[in-house]
Amino acid sequence: PYENHGANSGMTNIEGIVGQGIFSEKCYDIDVKNIEAMDFSGGFTIEMWIYPTNDPEYPQSTILHKGEQNGNTILFFYDKVKPQHFACSASGSSYGLSQFTTSAFPLNSWYHVACVFNGNSIKLFVNGEEVQSYMDEGKLPPEGQTFDPTSSSKIRIGHQLYQSGRCFYGKLDEIKVWKKPLEKEKLGYYVDK
């Protein structure tokens, strides 16, 4: 209903898990402009089917990014250093969380991955189940406050907004961003079946 279509810089259509998905073999991305509905102050859920085909050139391969430079940010990425982990972060200008999965998820397989942020902590789900994760770097907000990752920035899929080269290589399908934390049973891994 928002008529807020993304601008595609070169991703191609492929057969996905549910209908058509998208594929990026180069540093392509999709930009979705910011609108009032993208207010994530009450928490958020990012979920999608992910099929990584190549390790990133840099340690982090950005799957989805919304944020201001040195300000409020949401970042969802694939990381080759840990190695081959999924990670999600939410941050403000002076505090933030970066949560990493502890198990490796190799290339050339489909994974349903979800990042659920409730205002002060992050949970990561792979194929419908919460997986072990750890806070790589983080500074909690002052007592009585919660994170507010809302920014006026657009959402970019497949490439980080402010750093070149941090691109995702592979297939994506059923990309969903919710402005609330979802319970496990509401994730697309279960609903889409």
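The values are calculated or read from the model by the stated rules, or taken from the named source; none is laboratory data. The structure presented is a predicted model; accordingly, all values stated were derived computationally and were not measured. FYI the Cβ positions are ideal-geometry reconstructions off the backbone, even for glycines, and counts take in every protein chain you see. Just so you know, the surface numbers come from the protein's heavy atoms only, side chains and all, with ligands and any DNA or RNA stripped out. Shrake-Rupley method; radii C 1.70, N 1.55, O 1.52, S 1.80 Å.
From the residues in the stretch 42-96 that are open to solvent by 10 Å² or more (accessible area, probe 1.4 Å) and among the hydrophobic types (A, V, I, L, M, F, W, C), which one is farthest from the chain's Cα centre (by Cα)? The qualifying residue farthest from the chain's Cα centre (by Cα) is VAL81. Against the conditions (1) open to solvent by 50 Å² or more (accessible area, probe 1.4 Å); (2) within 23 Å of ALA7 (Cβ to Cβ); (3) among the acidic types (Asp, Glu); (4) assigned to a strand (DSSP E or B), where does ASP39 fall short? Just the number, please. In the conditions (1) open to solvent by 50 Å² or more (accessible area, probe 1.4 Å); (2) within 23 Å of ALA7 (Cβ to Cβ); (3) among the acidic types (Asp, Glu); (4) assigned to a strand (DSSP E or B), ASP39 misses (4) alone. If only residues of the stretch 12-21 that are under 15 Å from ASN108 (Cα atoms) and hydrophobic (A, V, I, L, M, F, W, C) are counted, the one that is most open to solvent (accessible area, probe 1.4 Å) is ILE17. Of the candidates SER98, SER89, the single residue that is without any contact (Cβ under 8 Å) to a residue 60 or more places away in the chain, part of a strand (DSSP E or B), in contact with a Leu (Cβ under 6 Å, 6 or more places away or on another chain) and more than 20 Å from TYR28 (Cβ to Cβ) is SER89. For the stretch 149-164, the set of residues classified as surrounded by 17 or more Cβ atoms within 10 Å (Cβ to Cβ) and part of a loop (DSSP other than H, G, I, E, B) consists of PRO149, THR150, SER151, SER153, LYS154, GLY158, GLN160, LEU161, listed by residue number. For the stretch 105-121, name all the residues that are closer than 19 Å to SER91 by Cβ and not in a strand (DSSP E or B). Listed by number, the residues that qualify are ASN118, GLY119, ASN120, SER121.
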